[in-house]
Amino acid sequence: METTIHAFFEFGYTLTFGILGAIVLLTKTPKQAELESYKKARTALGVGLTMLSIYCIIRMLTPQHHEDYVSFWLLVTFTLIHSWLTYATMLFLMESPRYMTRNFLIDGLIPVSLMLIGGVVGIFVPSLQPAMFVIFGCIFGIKCAWMFYTCRKEYLKCKRELENNYDELPDIQWINTLIWISLIMSAATIVAFYVPATHIVYYPAIPIIYIFIVVKILNFMPVKIDKIRHSNLSMNSAPEPVKKVTGLAEKIEPKLVKWVEEKRFCQPELSIKDVAMEMGTNQNYLSQYLNNNKGVTFQVWLNTLRIEESKKILTSGEKLSIEEVGIRVGIPQSYNFSRWFRVITDMTPYQYRKSNN
């Protein structure tokens, strides 16, 4: 009975991972240069799922009584490859400059090569197998921990850049969720090998989780990625180093004051690059100035100006709707205008108008 259940799950895994891998690899994406890293992410995930399908096939064709050493070696090797590609998927989606280069291959091929060489050594020198078990575990653990750390670091960096440059933030929280899921799944695979009792939860959960991951990746919305590009976020290349500039405040302050006096902040969909170009300066210098001299990010500074202007309009006696006021100050989305108004004034636009009239 146990053998039948085991075979059923192995066959189900093979079919599920094979289909998911084919969908991810073969589903077409728009032919746009801006989506190149998204395509790389899809390729990495598709290859990882295909590797899991191949592993399941090998498991089905291998007698159940074969030695634990080979079984563990194959399990850890395939899981390491899959974890590497899954984490790489997240880094490609966030367009980490680190993974736009050959580092992608170096970070994966080195630990995988060590694992393969160590496995072959253990087969030909059985006395070394106990040591190989420890080495496999160390390589796998260090690699997964390092990839998790790298992904979290890049995620937080990506989030900060979006907050500093983008008004209506794209939804990237789910990427953070997938990073944590990948870490849990990597660990759970090994735990399930040593603790068979966990199979009752582990076996059914695996396909559900990976279906969730694939759906999220496919629905990443290339349109949103394209929208980020059009907002001039240069996340596909390393940012220019911000140098300490002597007299930066003296150079930027007059331009900034003039820009504010002309109420150019009322233009909608402004990015920090747009504003820097209008002031005739560099976006990194503008960001440095705002952070060091104003103690705020670009987006907070910009929307504070807009909300202050909206307060004047709300109390001017003009019979404008809240939405019309938001449009006039450069925040056309009514919910976004109300959100920023509450953040800055601790009340809604309606409450402010009522209390000041």
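The heavy atoms of residue 53 present about 10 square angstrom of accessible area, all protein chains included, probe 1.4 Å. Efficiency by 1/(1 + (r/R0)^6): what FRET value for residue 194 and residue 257, r their Cβ-Cβ distance, R0 = 45 Å, to the nearest 0.05? E(calc), rounded to 0.05, equals 0.10. Within a straight-line Cα-Cα reach of under 25 Å, residue 143 can be paired with the following lysines, leaving aside sequence neighbours fewer than 8 residues apart in one chain: 39, 40, 153, 157, 159, 216.
Taking label points 7 Å from Cα along the Cα-to-Cβ direction, residue 211 and residue 346 give a separation of 4.9 nm.
For segment 278-314, the residues whose backbone nitrogen is under 17 Å from a point 7 Å from the Cα of residue 249, taken along Cα to Cβ, are 285-297. Using a simple spin-label model with points 7 Å from Cα along the Cα→Cβ vector, what separation in nm is obtained for residue 103 and residue 27? Here the modelled spin labels are 2.9 nm apart.
Work out, in µm²/s and without decimals, the Stokes-Einstein translational diffusion coefficient of segment 14-64 at 10 °C, 1.306 mPa s, Rh from Kirkwood over C-alpha pairs. The diffusion coefficient I find is 134 µm²/s.
The values are calculated or read from the model by the stated rules, or taken from the named source; none is laboratory data. What you see is a predicted model, and the numbers here were worked out from it, not measured in a lab. Positions of Cβ are backbone-derived with ideal geometry, glycine not excepted, and every protein chain shown enters the neighbour counts. To get the accessible areas, we keep the full protein, side chains included, count just its heavy atoms, and leave off ligands, DNA and RNA. Shrake-Rupley method; radii C 1.70, N 1.55, O 1.52, S 1.80 Å.
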